[in-house]
Ligand code: SF4
């Protein structure tokens, strides 16, 4: 079966435990204005034109799952030593759950653990295709406010239902919260997320501070980046936000 991919990144950091290879796929059903992978929003291939270097880069190709297996296995010695593996990310990998399941099964046969990085806005049937084949989910929770989820193309009820069903099905779930200025870093937003996740029995969360590393890609794609002038959160703000989450959870913060 074919899978629509954009990139394979070796020695990734921030995509789960240990040394990992991350497979990025094309296509997302959300449109977060802070997204740092704008080249993966569309299913269609795109061209990035970097004006400063004159370089052009094509992004997006459909490949057979078996065709990319050797590339995903290249660093397997490092996976074994570090407790790492392969992470499927995007875009939204769950929109290609069948192909992802086929690839996860091939990797499982090779003894490689797969993690799924998802925003969770698909029907639970898609997760059922992967449960049992993957080592776990890196599950993004962006807000506990239904209207804010709607604004970015998501659905809070669906995210909450999927999270609860994954937990009930004893899947290994890491809840990750992107910290986005003017979206979810005010006290009320944090209190809302804390109360929703505590009610589900979540004990640990990972916080992912906003960064602007994707801004060059917006320029190269000739796309407007709404967060272009948004400053990353200060050390002090991050410490305050962390402290608020720590009143409810064990907290790990990226960076
Ligand atoms: S869910 Fe992730 S990939 Fe999709 S738009 Fe939001 S940040 Fe980007």
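Every read-out reported here was derived from the displayed coordinates using simple, explicitly stated rules and does not represent laboratory data. The model shown is predicted, which means the values in this text are computed figures rather than measured ones. Don't worry about glycine lacking a Cβ; one is built from the backbone with ideal geometry, like all the others, and counts go over all protein chains shown.
Remarks
- Difference of contour (0.36 nm per residue) and Cα-Cα distance, residue 2 to residue 55: 16.2 nm
- Note on 183, 88, 11: ascending count of other Cβ atoms within 10 Å places them as 11, 183, 88, the fewest first.
- Normalised contact order of the chain, rounded percent, pairs of Cα under 8 Å and 6 or more residues apart: 18
- Measuring between their Cα centroids, region 165-189 and region 216-255 lie 14 Å from each other.
- When 212, 176 are sorted by how many other C-beta atoms sit within 10 angstrom of their C-beta, beginning with the fewest, the order is 212, 176.
- Stretch gain in nm, segment residue 198-residue 17, where the contour uses 0.36 nm per residue and the Cα spacing is subtracted: 62.8 nm
- For the chain: rounded, prolate or oblate by the Cα gyration tensor [a/c cutoff 1.5]: oblate
- Among 232, 38, 178, residue whose mean-square fluctuation peaks in a GNM of the chain (springs only between Cα atoms under 10 Å): 232
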